[in-house]
1. Answer with yes or no whether A:SER109 is within 13 Å of chain C (Cβ to nearest Cβ), in contact with a Leu (Cβ under 7 Å, 6 or more places away or on another chain), surrounded by fewer than 20 Cβ atoms within 10 Å (Cβ to Cβ) and in a helix (DSSP H, G or I).
2. Considering only the stretch B:287-300, state which residues are more than 24 Å from B:GLU191 (Cα to Cα) and either small (Gly, Ala, Ser) or more than 8 Å from chain C (Cβ to nearest Cβ) (or both).
3. Which pairs have Cβ atoms under 6 Å, sit 6 or more apart or on different chains, and link a residue in the stretch B:377-397 that is under 20 Å from B:TYR228 (Cα atoms) to one that is assigned to a helix (DSSP H, G or I)?
4. Which condition does C:THR234 not pass, out of (1) surrounded by fewer than 24 Cβ atoms within 10 Å (Cβ to Cβ); (2) under 21 Å from C:GLU73 (Cβ atoms), if it passes all the others?
5. Quick one: which residue in A:ALA31, A:ALA40 is assigned to a helix (DSSP H, G or I) and facing chain C (nearest Cβ under 7 Å)?
6. Are there helices (runs of 4 or more DSSP H) fully within the stretch A:207-289 with at least 3 residues that are buried (at least 19 other Cβ atoms within 10 Å of the Cβ), under 21 Å from the mean Cα position of the chain (by Cα) and more than 14 Å from chain B (Cβ to nearest Cβ)? List them.
7. Any idea which residue in the stretch A:151-185 is farthest from A:SER85 (Cα to Cα), counting only those that are without any contact (Cβ under 8 Å) to a residue 24 or more places away in the chain, among the β-branched types (Val, Ile, Thr) and away from chain C (no Cβ under 14 Å)?
Amino acid sequence: MSNGVSIHTDKRATSRDLHNTRRYMPFVAPAMVVMVLLVAVPFIAVVLLSFTNYELAMPADSFKWIGLRNYDRLLFGTNKLLYYSLGISVGMMVVATVLQMLIGFFCASLLNRDIKFRGLAIACLLVPIAMTPSIASQIWKLMLNAEFGVINYFLKKLFNFSVVWLDKDNSLPSVLLVNIWSMTPYVTLTLYAGLRSLPLEPYESAVIDGANGRQVLMYVTLPMLKPLILLTLLFRSIDMLKMFDVPYVLTQGGPGNITEFIGLHIYRTGFGVTTLVGRASAISVILIVLVGIISLGMIKLMSSEEKG
Amino acid sequence: MKTARRNLSFLLSLLLILALVPSVFATAPDISTVEAWGAHIKSQYEGQELNLLVGAHPSIDAMLKYYKDFEELTGVKVNFRIITDGTLKNTALIEGTGKAGNYDIFAVDAASIPEFYGKQIIIPVDDYLADAVKTPEWYDYADLLPAYSKGIGTSKGVTVGIPIAGETRYVGYRTDLFEKYGKQPPKTMDEFLELARFFNGKEEGLYGVSMRAASGRQNGSGFMSVAYAFTDSALVNPTTFEPEFNSPDTMAAVEFFVELLKNAPPDVTTYSHEEALSAFIQGKAAMWLDATALTGKVIDPSTSTISEVVDFVPTPDGPKGQSGALAGWNFTIPADSKKADLAWAFIVYMTGKPTAKTYVENGGIPCRTSIYTDEVLAANNWTYPKQLEALDHALALIDRGVKYNPDFTYTNDIMAIAGTYISKAMIEELTIQEACDQAQAEMVEFLEDK
Amino acid sequence: MRAEEIRARRRLMASRGAKQTFTYVGIILMSIWAVFPLFWMIIISLKERIYTYDPSVWIFQPVFENYVSVFAEKNLGKFLINSAIVSLSTTFLALFFGTLAAYGFSRFKVKRMRGLMFFLLAVRMIPSVAIVIPIFVIARFGSMLDTRLLLIITYMIFNIPFTVWMMKGFFDEIPKELEEAAKVDGCTTLQTLYKIVLPVVQPGLIATSIFCIISSWNEFVYALFLTSIKSVTTPTIVQMFLSIQGVAWGEMSAVGTVSIMPVLLFAMIVQKNMVRGLSFGAVKG
């Protein structure tokens, strides 16, 4: 079986020809060379910078190697923010991804039903995808304002209560809310596309066997969608770990450091609050290692699914 | 050896000057009027371009209305890159890192001047000011309020910036509410706190006070506007620049700020100056303590719902006596600019006395004595005397021997650390004592690594 | 017996009706939820400033001064042109390199393919704030700062991996027989790709390109730090409106509205292809 998520090679393709490096190099090499050129130098620079005391625009004579000092300060210093920051980032990744998948799947199955104006509904879903994140987050900030936001205006009108969206208790859920708004449409559309493309035969035989709706979902739909779900999960979780725009605009990481996710932590260390580029680079290295572990794990999981 | 070299270079420069003096006199251009000066500049620089990196600010908006006059006068093309003040500093610092010479003028805020000068990203302009050809007499540097020209445009006694917006901070209050409940505007910090408590929740949807307090620099900046009433070392010791954040005085200031903002809208810990101002001009807060530069928005009926019922008093006094903020923005010349002389010419034109009225009429924040004392302009803006009064309080702080923004490279970083921990105290994640101790520890650790 | 049958049918129809209602209510709620911020942004762009903070004002005389101002005073046209050139060029390049590589990965037994695919994914994950400074310094030495070319090249960092991952899925779906037939006719592999395979994966190309265009069109961090005067793109214009005196909501919303329109229109036009493309590449059909 071959499908969109297969990264093991196709078993049918065993002719000698296919192993021949010379045959595939013209295809694969250009992109790889471009990528290595684009990324290698900045990446090596980040790793090297993480061992220095570099600050933005610092005079050359005070620039020096400080070995593992940055990592030491981050992991064992007074400021324990790194742990908290990693914690909420991973937590948010799990919660947001799960919610996005659930809501996305639900909306996708609604779309997949026999309805009119489907095109219009899909067009609506394109809005969060197309809106410029930096502007969209500003609009959300205005809408969520406790005193003169439109959301509290509706809540007051309809249910006679209001919520302080960006205070210490609600700012994390608010970030989650905006994130779900902006990211779920990707999941919905992908899964809808997946649902549309499923073959009909398994459903027919399931109906003949007298399966109920829940059983069809559990034993027919989900297994067939599994590869796609895993791929979506992988991309969504990585994007969540990188999340920057939404908390940057909504809360600037506050109140306190409650919403200082890891991307924002890098920004605030290197540019926003202090200008410790060296230390921010060390956080980046830690983040890249972490993301690497997570995605390696997921890719392993995916390919074992395929083989199994 | 060193002395010998110095002597030699002294001799050489003397020779150079002697050689130049006649030629200057020989070709001394007529720059006595703006027009003549413009022709002189045009003869040197016509067809060149000038790039500015500036913040989104009313003073810049004002300049956008008349910079074309400079273009016409001199045949120089001027490009503005306008970004928000929060990212301006980072962008300028990155430019400073790259030394690419992309810009010829940076707008730099008062708190960042020591850092920019300390890191040698911007150049001193004393020589330009002293040069009668580069700075014509009509420019009138002495007319700039000394509180601004000396207070925010210098570092280590060197002039590095020309103020384009000077500000102190004062308390705006709602005269309708104060009359209704028979209250007097605050003179002391104690009264200020008491009034905030009194008005908080007094009416439907009304809070006592509104200030900037978003975690980080915003909070630190809000804190500083009250702190000097309680302490000389709001961020660091004013002479040694050592952090003293858990000293009793500073802790009292932190405690006051936290107590005060318990009477602010509940999400005040996410408020930048923008939200703080909005809450006030939308009638959600009885009082507001922030920059005089924002006055325009408060008294403009097209943006403010309280423009008719507002008045201002200086920053209230505290145990340490009078105090007041000194902040604002400067035009500076980046060290990597290849057109420093032309940049200076632009600064001279835009901030000079001849254009000062145009500038203010278009909404620019005044920095000149002649503007504040101009009867016509003062008649149009009844807050001028109030602003000057607030400025007196700011000068009292200088008399105390304290510079509002400590004159050392890491003011911004220390302010951000302070603001982060105070924000934690506000949401009761930490007690005042814990917040101050931890902030102190992190400040010490931060400076240790330098 | 008969009565029972009728009752059962009625019940079935009623439940179908209820289900139908439920579906439509769900779809409508979902659509409103997705569109509301855009709707609100448009409202604000048309409101007078003093009403920005008053959500109870629904009926008002729309003003267009915000739109006039962003084009006349803030030079939005220049920003839009820059954005368009950058987005289209980087998408074209990413499609070119990415599609070739995806085809290679799909058709040949590439050595260490898993590692290479993983490398691409890892690159996509690097936060841009982490590498923007080295890029700035390198670009400075190459005298490339503030050029559209620099942005075009930089955006390939996230566009190429995306294209490879996405297009490989599409290629995997095409039966080999198609190409073998072409080879019998004497086409080279490149000719086969160009003449036979690409037309078949056209929906995939369209879907991939729209996603590349959107992410380039909206990119913020690189655009902010790597451009200064000449090649500034639309997302960074937001910066102009976050003034010290407050956000110029009206003008910002006007920019947001103008800037989403071309992308949204394009996405809507190719909507069918996008969705078909997604399914084609994602799940075995």
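The values are calculated or read from the model by the stated rules, or taken from the named source; none is laboratory data. Source: prediction; values computed, not measured. Reconstructed Cβ throughout: ideal geometry from the backbone, glycine too, with neighbour counts over all protein chains shown.
1. On the way: within 13 Å of chain C (Cβ to nearest Cβ): yes; in contact with a Leu (Cβ under 7 Å, 6 or more places away or on another chain): yes; surrounded by fewer than 20 Cβ atoms within 10 Å (Cβ to Cβ): yes; in a helix (DSSP H, G or I): yes.
The answer is yes for A:SER109.
2. Start the filter on the stretch B:287-300 by keeping residues that are more than 24 Å from B:GLU191 (Cα to Cα), which leaves B:293, B:296-297, B:299-300.
Listed by number, the residues that qualify are B:ALA293, B:GLY296, B:ILE299, B:ASP300.
3. B:GLN387/B:THR292; B:LEU388/B:TYR372; B:LEU391/B:ALA147; B:LEU395/B:ALA147
4. (1)
5. Values: A:ALA40 fails: facing chain C (nearest Cβ under 7 Å).
Sole residue among the options that is assigned to a helix (DSSP H, G or I) and facing chain C (nearest Cβ under 7 Å): A:ALA31.
6. Numbers: elements: A:213-216, A:222-242, A:245-250, A:262-267.
Filter on the stretch A:207-289 gives A:222-242.
7. Ranking the candidates gives A:VAL163 first.
For every residue, the table says whether it meets (1) at the interface with chain B (Cβ under 9 Å from one of its Cβ atoms); (2) within 13 Å of the chain's Cα centre (by Cα).
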residue: C:LEU224; (1), (2): yes, no
residue: C:THR233; (1), (2): no, no
residue: C:ILE244; (1), (2): yes, no
residue: C:ILE260; (1), (2): no, yes
